[in-house]
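One structure below.
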Amino acid sequence: MHSFRYRDGQLHCEDVDLARVAEELGTPTYVYSAGTILDHYARLDAALAPLDHLICYAVKANSNRAILKLLANAGAGFDIVSGGELYRVLAAGGDSAKCTFAGVGKSREEIEYALEQGVCSFNVESEAELDHIDRIAGAKKTRAPIALRVNPDVDPHTHQYISTGSHENKFGIALERIGAVYEQAAKMRNVEIVGAQMHIGSQIAEAKPFASAIGKVAPVVRELKSKYGIKFLSVGGGMGIIYQRALESGSGKWWREHGNESFAFSVRDYAEAIVPPLRELDVRILVEPGRFLVGNGGVLLTRVRYIKKTGAKKFAIVDAGMNDLIRPALYQSYHEIVPVCRASVSDAGREKIDIVGPVCESGDFFALDREMPELHEGDLLAIMSAGAYGFVMASNYNSRPMPAEALVRGDKFALIRKRQTWEDLVRGEINPEW
Ligand code: LLP
């Protein structure tokens, strides 16, 4: 359940009027709800209660230290994919012993750093990487805890860029090969087999693909447990959220039934699909949700700069761009867009409009032909469901400073990342002497 709601015609995050945040911090600004993120965490934790489990938040979804700290305090572990993410987790007070280190291209420096900090496992994606880790651990006179990433070849029915669990992808080791690679690992002096891992994709809208993947991997896990005494299976992340109708006007059947729901399928459906087969395995279960925890816990606030009409079309040009939130441009993804102040717009004049950014690319849009109330210059909009893969994928393209980030808790909000300045843009650039 997320905590973005209209109150007296003003969109609030928990008890904070978002217009107040925009006034104080400017736009574009990401705003996250601590209450929502903790609610999502608590629901998942409760649904998995029948299992010995650990929720390892996928840091890549939103890596602001304040968010990491919230989750670390709630007891979360972390799924990291780079030395930088491990550094952030530690800076936020997270526990390295609850970190799993994933990713297909870990560097020597990253592996050394993760060994020094004592991560709970390296999730290994290839034989070449396994060799590399063995050698680096040997040179450091230590043993690296490892889990191999199994690719179960399941189609998660999601966007091709975020589907990872089929043989077409670069991720993991095929189910048929996995036994042989574990055998190699068992012979290595500097690695210790501690678990197995899988992850089939992201924004998966139904529970079934998770159950199919677990069904395929379960026999392997049983064998690995008896042969090597593995202690855990990580089933990855990927649970989908609601993007369409993330916020409704408050009337109508759909709203009454689903109002403020965050997830594409219920946490109970997910648990019913995965808990029984996992329970039988009798190993610790790790889950690696990113979007599920933070996706509907954040919005991007942006203001309409200009209204432009051409012969065929009408555009609202807003002050956020594809550099701030790239998901629509990259994945053709849908984000609900709503006015923060309902009174400022008129529902009578609903019309189709493109909501676009100031970046010099035709792909710089947030919505095309979207039916919206009539918009005017200066209107404040909230782009919903922007808490995951929003700020983390932002860039300085077109030399646009990165946006600010704020965190709400109850009736308070705090700046958790300053908006960049123009000076920030050139910091670190060097003119050659010649
Ligand atoms: N574990 C592994 C190994 C992953 O590769 C990922 C995401 C996750 C967990 C977390 O997945 P989640 O629960 O958030 O679905 N930028 C894209 C999403 C890329 C996901 C990459 N891997 C987007 O904006 O949709």
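Scanning region 393-420 for residues that are among the small types (Gly, Ala, Ser) and either over 18 Å from Ala92 (Cα atoms) or in a helix (DSSP H, G or I) (or both) turns up Ala394, Ser395, Ser399, Ala404, Gly410.
Looking only at residues in region 260-290 that are farther than 23 Å from Val221 by Cα and assigned to a loop (DSSP other than H, G, I, E, B), the one that is nearest to the ligand (Cβ to nearest atom) is Gly290.
Collect the residues in region 328-364 that are under 21 Å from Met402 (Cβ atoms) and either away from the ligand (no atom under 16 Å from the Cβ) or among the basic types (Lys, Arg) (or both), keeping them in residue-number order. Hits for region 328-364 are Ile337, Ile355, Val356, Gly357, Pro358, Val359, Cys360, Glu361, Asp364. Scanning region 71-82 for residues that are in a helix (DSSP H, G or I) and surrounded by fewer than 24 Cβ atoms within 10 Å (Cβ to Cβ) returns Ala72, Asn73, Ala74.
Counting the residues of region 317-362 that are of a type outside the set (Val, Ile, Thr), touching a helix residue (DSSP H, G or I) at 6+ places or on another chain (Cβ under 6 Å) and within 16 Å of Asn396 (Cα to Cα) gives 2. Only residues that are away from the ligand (no atom under 16 Å from the Cβ) and among the charged types (D, E, K, R) were counted across region 89-133, and they come to 7.
Restricting attention to region 34-62 and to residues that are closer than 20 Å to Asp15 by Cα and among the hydrophobic types (A, V, I, L, M, F, W, C), the residue that is farthest from the ligand (Cβ to nearest atom) turns out to be Ala34.
Applying a threshold of 8 Å to beta carbon distances and a minimum spacing of six or more residues, or different chains, the list of pairs starting in region 411-427 at a residue that is farther than 20 Å from Asn323 by Cα and in contact (Cβ under 8 Å) with a residue 60 or more places away in the chain and ending at one that is part of a helix (DSSP H, G or I) and small (Gly, Ala, Ser) reads Ala414/Ala66. Quick check on region 229-245. Is at least one of its residues of a type in the set (D, E, K, R), modelled with pLDDT of 95 or more, out of contact with any helix residue (DSSP H, G or I) (no Cβ under 7 Å at 6 or more places or on another chain) and outside the structural domain of Gly390 (by TED's automatic domain parsing)? For region 229-245, residues of a type in the set (D, E, K, R), modelled with pLDDT of 95 or more, out of contact with any helix residue (DSSP H, G or I) (no Cβ under 7 Å at 6 or more places or on another chain) and outside the structural domain of Gly390 (by TED's automatic domain parsing): present. Filtered by the rule that a residue be hydroxyl-bearing (Ser, Thr, Tyr) and crowded, with 17+ Cβ neighbours inside 10 Å, region 300-333 gives Thr302, Ser333. Condition check for Val221 on (1) within 16 Å of the ligand (Cβ to nearest atom); (2) touching a helix residue (DSSP H, G or I) at 6+ places or on another chain (Cβ under 6 Å); (3) not in a loop (DSSP other than H, G, I, E, B): one failure, at (1). Of the strands (runs of 3 or more DSSP E) lying entirely inside region 291-362, those carrying at least 3 residues that are outside the structural domain of Leu68 (by TED's automatic domain parsing) and without any contact (Cβ under 8 Å) to a residue 60 or more places away in the chain are 314-318, 346-356.
Taking region 375-410 as the region of interest, how many residues are touching a residue at least 60 places away in the same chain (Cβ under 8 Å) and either away from the ligand (no atom under 16 Å from the Cβ) or among the hydroxyl-bearing types (Ser, Thr, Tyr) (or both)? Step through it out loud before you land on a result.
From region 375-410, those touching a residue at least 60 places away in the same chain (Cβ under 8 Å) are 375-398, 400, 402-410; that's our starting set.
Within this subset, residues satisfying the condition of being either away from the ligand (no atom under 16 Å from the Cβ) or among the hydroxyl-bearing types (Ser, Thr, Tyr) (or both) are 375-382, 385, 389, 395-398, 400, 402-410.
Final tally of qualifying residues: 24.
Out of curiosity, is Gly94 in the same structural domain as Lys140 (by TED's automatic domain parsing) and either modelled with pLDDT under 95 or assigned to a loop (DSSP other than H, G, I, E, B) (or both)? Yes. In region 247-258, is there at least one residue being under 28 Å from Val59 (Cβ atoms), touching a strand residue (DSSP E or B) at 6+ places or on another chain (Cβ under 8 Å), modelled with pLDDT under 80 and crowded, with 17+ Cβ neighbours inside 10 Å? The answer is yes, given that some residue of region 247-258 is under 28 Å from Val59 (Cβ atoms), touching a strand residue (DSSP E or B) at 6+ places or on another chain (Cβ under 8 Å), modelled with pLDDT under 80 and crowded, with 17+ Cβ neighbours inside 10 Å. Just one of the numbered conditions (1) within 15 Å of the ligand (Cβ to nearest atom); (2) out of contact with any Asp or Glu (no Cβ under 9 Å at 6 or more places or on another chain) is not true of Arg149: (2).
The values are calculated or read from the model by the stated rules, or taken from the named source; none is laboratory data. From a predicted model like this one, the values you see are computed outputs, not experimental measurements. Don't worry about glycine lacking a Cβ; one is built from the backbone with ideal geometry, like all the others, and counts go over all protein chains shown.
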